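Reviewing the structure listed below.
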Amino acid sequence: MILTNNYILALLCCVYCCICWGSWANTQKMVAVKKWSFELFYWDLTIGLFLTATLAALTLGSLGHDGRTFFEDMAVMNWSSIRYALLGGIVWNFGNIFLTAAIAVAGMSIGFPIGGGLAWIGGIVFNYLLITLAGQVYPGNPILLWAGVAIIIAAIFICGKLYGKKSTGKASTSKKGILLAIVAGLAFMFFYGLVVKSIDPHYVMGGTGTLGPYTGVFFFAAGVLITTPVFNTIAMKYPVQGGRITMKDYFFGDIRTHLTGILGGFIWMSGMAISFMGAGAANPAIAYALSNAAPVVAMIWGVFVWKEFKGTPRGTVKWITAMFLLFVAGLVCITLSN
């Protein structure tokens, strides 16, 4: 397989993941203008996720000279390791259904900073605990790490103040979006650590399994694939907005709409696969922290491309600026902590 042991390259892999995880929802916004519900979009997103994970396993996971190839890995895999990766996919899928619902109801500027920000903080703590509970010592500066976490919490608090300005006169919609985003964030806290546990500790710190990184990502995607018919069918039966949706509606979509959803899955999963390419060099706490800086990227899209704060009261711009600066300062602290 192809891996990198260079710290700088590993950080660049995490930055790429951050960009992907903060950008995939643009495809949801693109199809939403066609009155294509998030539930219908989600079927295509899942297809894109699984196809991309499979492609990564057959290319990045089968080329190069680091460790076993994907097929060699499959020949010696064990259920104990697979179940962690599958569970990671199930947990992520549960959270992502709520995140896409939050984006549909209240936009990227609600869903990502609350859901993604909450997951970001919780995930750092969870992955840090994975290292310590495995009997290993955190290889960096914990003071800088926790300082970065505190700064990010302050940035999320400012986001909350901004949401109040953005949702003036739309209290019920705002509350629903916030609640959906919170549920998503609580689920997202744990998925990355579960996938890490499925992987051989030779490849990533905190791993306790026997899988290679790309095999772990493949089974993560399999967990998403097998649970989407359950989660999304329930979402279609009880939609957060509009009337009930059926699979008949899905087949009336045009090719371009379906391909846009698949593209969204490719964007997200390519970030996931690349993040594991360098996870061993960056350690899981750092890899997760930088990869989940996605709320920063999503806010850039929301503010400058989708104009989600257009029409808000005067003085909003300075709060947006402060929020971005705090997110960047938190990122710098977390990066330097390694």
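Observations, loosely collected:
- Qualifying residue in region 29-45 (condition: modelled with pLDDT of 95 or more, out of contact with any strand residue (DSSP E or B) (no Cβ under 8 Å at 6 or more places or on another chain), closer than 30 Å to residue 202 by Cβ and hydroxyl-bearing (Ser, Thr, Tyr)): no
- The residues of region 242-275 include none that are modelled with pLDDT under 90 and of a type in the set (Asp, Glu).
- Candidates 134, 150, filtered to the one that is of a type in the set (Gly, Ala, Ser) and modelled with pLDDT of 80 or more: 150
- Any hit, region 212-219, residues being among the small types (Gly, Ala, Ser), on the phi > 0 side of the Ramachandran plot and out of contact with any Lys or Arg (no Cβ under 7 Å at 6 or more places or on another chain): no
- Cβ-Cβ distances below 8 Å connect the following pairs, each with a first residue in region 309-338 that is farther than 16 Å from residue 294 by Cα and hydroxyl-bearing (Ser, Thr, Tyr), a second residue that is modelled with pLDDT of 85 or more and not in a helix (DSSP H, G or I), and a separation of six or more residues or different chains: 337/141.
- Tally of residues being touching a residue at least 12 places away in the same chain (Cβ under 8 Å) and touching a Ser or Thr at 6+ places or on another chain (Cβ under 9 Å) across region 233-261: 9
- The number of residues in region 133-143 that are surrounded by 13 or more Cβ atoms within 10 Å (Cβ to Cβ) and either of a type in the set (S, T, N, Q) or under 15 Å from residue 194 (Cβ atoms) (or both) comes to 3.
- Long-range neighbours under 7 Å by Cβ, at least six apart or interchain, first residue modelled with pLDDT of 85 or more within region 276-300, second β-branched (Val, Ile, Thr) and buried (at least 24 other Cβ atoms within 10 Å of the Cβ): 276/217
The values are calculated or read from the model by the stated rules, or taken from the named source; none is laboratory data. In this text the structure is predicted, and so the values were computed from the model without any measurement. Quick reminder, even Gly has a Cβ in these numbers, built from the backbone with ideal geometry, and neighbours come from all protein chains shown.
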